[in-house]
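Contents: one structure, followed by commentary.
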């Protein structure tokens with residue numbers, strides 16, 4: 001099973017140090033790493049501009065769903081600190097479902113043209129800043145340091161141009177400039193990460209247990225893909241490609257289920273890994289770090 005390992009925030013690093021000092025098995029530690037990555041991603045989603053703006057009280061149900069997601073994230077953090085990987089993942093998946101529901105309801109909001117452009121501009125700016133932090137981390141790795149520094153300079157210059165255009169009242173051009181900056185960051189970071197891939201293999205008691213794990217991972221990724229599509233992270237040809245990846249993933253998952261029903265869990269696991277890879281590619285196209 002190939003898993004891309006993202007760098008953690010300071011808080012996550014401290015948690016990781018606590019985990020390493022606990023008497024946990026190697027398998028548990030690996031699952032906790034996955035839980036930390038999912039928690040980092042969930043934290044990013046909760047703090048996205050669209051979600052923060054939704055907490056103004058206009059839609060009480062959305063406010064409640066977001067609040068529940070924050071509580072679940074906090075509980076997951078506690079579980080991670082106690083090396084309770086399964087409990088943490090369960091809490092995080094529930095939080096993702098809540099955010100998905102909130103995101104679905106937010107699609108009904110129809111701000112005016114000016115408000116929509118401002119929202120898009122702010123969202124791109126927030127995403128660009130997040131990727132800039134990732135690039136700063138990459139400057140600490142010899143293999144990617146030089147390219148990451150060069151990319152930071154390009155992104156900073158493009159983003160500065162976008163802000164100048166926005167301040168000058170040219171909102172359409174400013175939003176296009178920020179979208180181009182965001183696209184550049186996503187594409188180049190994905191390319192740089194190709195050389196940073198880390199290979200791990202989780203140890204399971206049986207192929208059936210591994211198949212169940214892969215199904216849970218598929219479900220989590222499927223939720224994220226749906227959320228990103230509703231947030232319009234992909235459009236035009238990119239959206240068509242995302243839809244193709246999603247359709248392919250579900251087709252492969254159906255094949256895996258057939259293998260599992262026939263008792264061939266070894267083959268079913270391999271098919272589920274292929275299905276999850278399709279979802280990961282869809283997420284990468286929409287600028288989401290995979291785990």
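The values are calculated or read from the model by the stated rules, or taken from the named source; none is laboratory data. Since the model is a prediction, treat every value here as computed from it, not as a measurement. Cβ sites come from the backbone with ideal geometry, for glycine too, and all protein chains shown count toward neighbours.
Checking the stated criteria, residue 69 turns out to be in a helix (DSSP H, G or I), surrounded by 16 or more Cβ atoms within 10 Å (Cβ to Cβ) and at pLDDT 80 or above.
One line per residue, one yes/no per condition, for (1) in the same structural domain as residue 41 (by TED's automatic domain parsing); (2) in contact with a strand residue (DSSP E or B) (Cβ under 9 Å, 6 or more places away or on another chain); (3) surrounded by 16 or more Cβ atoms within 10 Å (Cβ to Cβ):
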| residue | (1), (2), (3) |
| --- | --- |
| 247 | no, no, no |
| 250 | no, no, no |
| 253 | no, no, yes |
| 260 | no, no, yes |
| 265 | no, no, yes |
| 273 | no, yes, yes |
| 279 | no, no, yes |
| 282 | no, no, yes |
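Taking the stretch 201-232 as the range and being out of contact with any helix residue (DSSP H, G or I) (no Cβ under 8 Å at 6 or more places or on another chain) and either in a loop (DSSP other than H, G, I, E, B) or at pLDDT 90 or above (or both) as the test, the residues that pass are 201, 205, 232.
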